[in-house]
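The values are calculated or read from the model by the stated rules, or taken from the named source; none is laboratory data. This is a predicted model, so every value here is computed, not measured. Ligands, DNA and RNA are excluded from the accessible area calculation, which covers all protein heavy atoms including side chains. Shrake-Rupley method; radii C 1.70, N 1.55, O 1.52, S 1.80 Å.
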Amino acid sequence: MNQLITPPTQFTDRLVREAERAKITSVSRTSAWALEKKGLFPKRRKLHADSDRVCWLLSELLDFVKSREVINMERSINER
């Protein structure tokens, strides 16, 4: 009778539309499209088969942001 009960898995990913995607990544629509074509940006997903509306997975956008190089502004200024 002493059974281990596991809580249900919490779903933490969600869909993100264009306006929020731009805020999260700080990448313009055109640049995101160009990077996506090169395989360097998360692929967009269609919201509905009969629609042109697209979205991205939040987790993929966050992984993209984490993968970007951090620039040391202090060092960049001193090198000038």
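The largest accessible area among S51, S26 belongs to the first residue in S26, S51, and the rest follow in falling order (1.4 Å probe, all chains).
When R53, R21 are compared by accessible area at a 1.4 angstrom probe, the order from most to least is R53, R21.
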